[in-house]
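Chemist: Quick one: the structure is below, questions incoming.
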Amino acid sequence: MIGSGSNALASSIVLVCRKRPEDAPIATRQDFLRDLRSALPAALANLQRSNLAPVDLAQSSIGPGMAVFSKYKQVIEADGSAMTVRSALQLINQVLDESLGAEEGQLDGDTRFAVTWFESYQYKQGPFGEADNLARARAVSVAGVAEAGVLQSAAGQVRLFTRPELPADWDPAEDKRLTVWEATQYLIKRLEEEGEQAAAALLKDLGATVAEQARNLAYRLYTICEREKWAEEARAYNGLVLAWSELEKLAASSASTATTSPTQTQMFD
């Protein structure tokens, strides 16, 4: 719901059912998984481009996932039994997680470190040794991630900075080690503390590529929070995506105003 006492929905998902052809083929579990891994990433990208709320992502993925499952007359399990709809839904969710994880692989090393650390510790402290091993696997260092402004490392303990701890005057243009993790967290910070205009200004400063990666990361982090039952943190990422269309409009309007500002003319005798 987008308003108290209102019947307006933030998003609406419609399932369309079509009759399956009589000559539909039979597939194995591996055939189904292969087709899911081929079809679902593109469907996921379309859903994200539409700024679908992260809270609705898993439910919305049922459509393209079941479209793959139901095109077959039957999907056969390894033991020869027919796959149930319940099992198909479990595999759809599995491939959805894989697809979101694959997007993570396109991010900078500092961000990939932060996501994995967040998944284990959220904003709590963890041992430096574990952080060091993880950082090496991401081809970064704990000191480097700290230099990027993502975490604090002291007395053998490491933790990610919370949003209230982040400086209010952060400027991506001045950041010598810009990360998508920072971009996402600062967008939420600006949105929650200063409103849509401030967040839109930052969105414009980030540029299209980093901004899109930040939005995709919000989906990934929401999924982690939902699985770990971190409801308050999940709401922050869901809120960012819900506001995204408006932030883009405000950012575009600001850019348009800057390029078409009226010029003064002088009159001479």
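Chemist: Among bridges DSSP assigns within the chain, what percent are antiparallel (round to 5)? Numbers along the way, then the final one.
Modeler: On the way: 7 of 10 bridges.
Antiparallel: roughly 70 percent of the beta bridges in the chain.
Chemist: Would you mind checking the tilt of helix 180-194 against the longest principal axis of the Cα atoms of the chain, expressed as 0 to 90 degrees and rounded to 10?
Modeler: 70
Chemist: Once you've got the GNM for the chain with C-alpha springs shorter than 10 Å, pick whichever of Ser99, Ser254, Ser60 has the biggest mean-square fluctuation.
Modeler: Most flexible of the set in this elastic network: Ser254.
Chemist: Give the average over all directions of the projected area of the C-alpha convex hull of the range 176-227, one decimal, in nm².
Modeler: On the way: hull surface 15.2 nm².
Quarter of the Cα hull surface area: 3.8 nm².
Chemist: Note the full-extension length gain between Arg163 and Tyr123 as 0.36 nm times their separation in residues minus their Cα-Cα distance, in nm to one decimal.
Modeler: Values: separation 40, 0.36 × 40 = 14.40 nm, distance 0.99 nm.
The Arg163-Tyr123 span can extend by a further 13.4 nm.
Chemist: If the only charges are +1 at each Lys and Arg Cβ and -1 at each Asp and Glu Cβ, what is the size of the charge dipole of the chain around the Cα centre, to the nearest 20 debye?
Modeler: Values: 27 positive and 36 negative charges, 207 e Å.
So the magnitude is around 1000 debye.
Chemist: Another question, then. With springs only between Cα atoms under 10 Å apart, run a GNM on the chain and tell me which of Leu89, Leu240, Leu36 wobbles the most.
Modeler: Of Leu89, Leu240, Leu36, the most mobile in the Gaussian network model is Leu89.
Chemist: Which value, in Å² and to the nearest 10, is the accessible area of Lys189 when all protein chains are kept and the probe is 1.4 Å?
Modeler: 20
Chemist: Under the classification rounded if a/c is under 1.5, otherwise prolate if a/b is larger than b/c and oblate if not, where does the range 78-117 fall, given a ≥ b ≥ c as square roots of the Cα gyration tensor eigenvalues?
Modeler: Details: a/c = 4.14, a/b = 3.96, b/c = 1.05.
Since a/c reaches 1.5 and a/b is larger than b/c, the shape of the range 78-117 is classed as prolate.
Chemist: Could I ask something else about it? Hey, in the GNM for the chain with a 10 angstrom Cα cutoff, which one of Ala236, Ala251, Ala143 fluctuates hardest?
Modeler: Comparing Ala236, Ala251, Ala143 in the GNM, the peak value goes to Ala143.
Chemist: Further question on the same structure: Arrange the residues Phe32, Phe69 by how much accessible surface each exposes, largest first, with a 1.4 angstrom probe. Intermediate values should be presented prior to the final figure.
Modeler: Numbers: Phe32 0, Phe69 30 Å².
If we order Phe32, Phe69 from most to least accessible, we get Phe69, Phe32.
Chemist: Over 23 Å between Cα atoms: which of Lys189/Lys249; Lys124/Lys176; Lys176/Lys249; Lys19/Lys73; Lys124/Lys229 fall into that group? Show your work: numbers first, answer last.
Modeler: Working: Lys189/Lys249 19 Å; Lys124/Lys176 26 Å; Lys176/Lys249 28 Å; Lys19/Lys73 11 Å; Lys124/Lys229 15 Å.
Flagged as over cut-off: Lys124/Lys176; Lys176/Lys249.
Chemist: Helix 231-259 versus the longest principal axis of the chain: what is the Cα-based angle in degrees, 0 to 90, to the nearest 10?
Modeler: 50
Chemist: Additional query: Nothing charged except the Cβ atoms of Lys and Arg (+1) and of Asp and Glu (-1): what's the magnitude of the dipole of the range 75-185 about its Cα centre? Round to the nearest 20 debye. Could you put the intermediate results ahead of the total?
Modeler: Numbers: 9 positive and 18 negative charges, 55 e Å.
Value, rounded to 20: 260 debye.
Chemist: Then there's this: Going by the alpha-carbon gyration tensor, a ≥ b ≥ c the square roots of its eigenvalues, is the range 92-197 rounded (a/c under 1.5) or, if a/c is not under 1.5, prolate (a/b greater than b/c) versus oblate?
Modeler: Values: a/c = 1.62, a/b = 1.11, b/c = 1.46.
Here the range 92-197 falls in the oblate category.
Chemist: Give the accessible surface of the range 77-198 per residue, rounded to a whole number of Å², with probe radius 1.4 Å and ligands, DNA and RNA excluded. Let's see the in-between values first.
Modeler: Details: 5960 Å² over 122 residues.
For the range 77-198, the per-residue accessible area is 49 Å².
Chemist: Mind running the shape call on the range 98-160? Use the C-alpha gyration tensor, a ≥ b ≥ c as the square roots of the eigenvalues: rounded below 1.5 for a/c, prolate if a/b tops b/c, oblate otherwise. Walk me through the intermediate numbers first.
Modeler: Values: a/c = 1.98, a/b = 1.60, b/c = 1.24.
The shape class here is prolate.
Chemist: Now, a different point. Rounded to whole Hz and in sequence order, give me ³J(HN,Hα) for the range 110-121 from the Karplus expression 6.51 cos²θ - 1.76 cosθ + 1.60, θ = phi - 60°, writing x for Gly and Pro.
Modeler: Per residue, the Karplus-derived 3J(HN,Hα) values read 4, 5, 4, 4, 4, 5, 5, 5, 4, 4, 8, 10 Hz.
Chemist: Here's a follow-up. Can you give me the distance in nm between label points at Glu174 and Ala67, each placed 7 Å from the Cα along the Cα-to-Cβ direction?
Modeler: 4.7
The values are calculated or read from the model by the stated rules, or taken from the named source; none is laboratory data. In this text the structure is predicted, and so the values were computed from the model without any measurement. Here the Cβ is made from the backbone with ideal geometry for all residues, glycine too, and neighbour counts use every protein chain on show. Please note that ligands, DNA and RNA were not included when accessible areas were found on the heavy atoms of the full protein model with its side chains. Shrake-Rupley method; radii C 1.70, N 1.55, O 1.52, S 1.80 Å.
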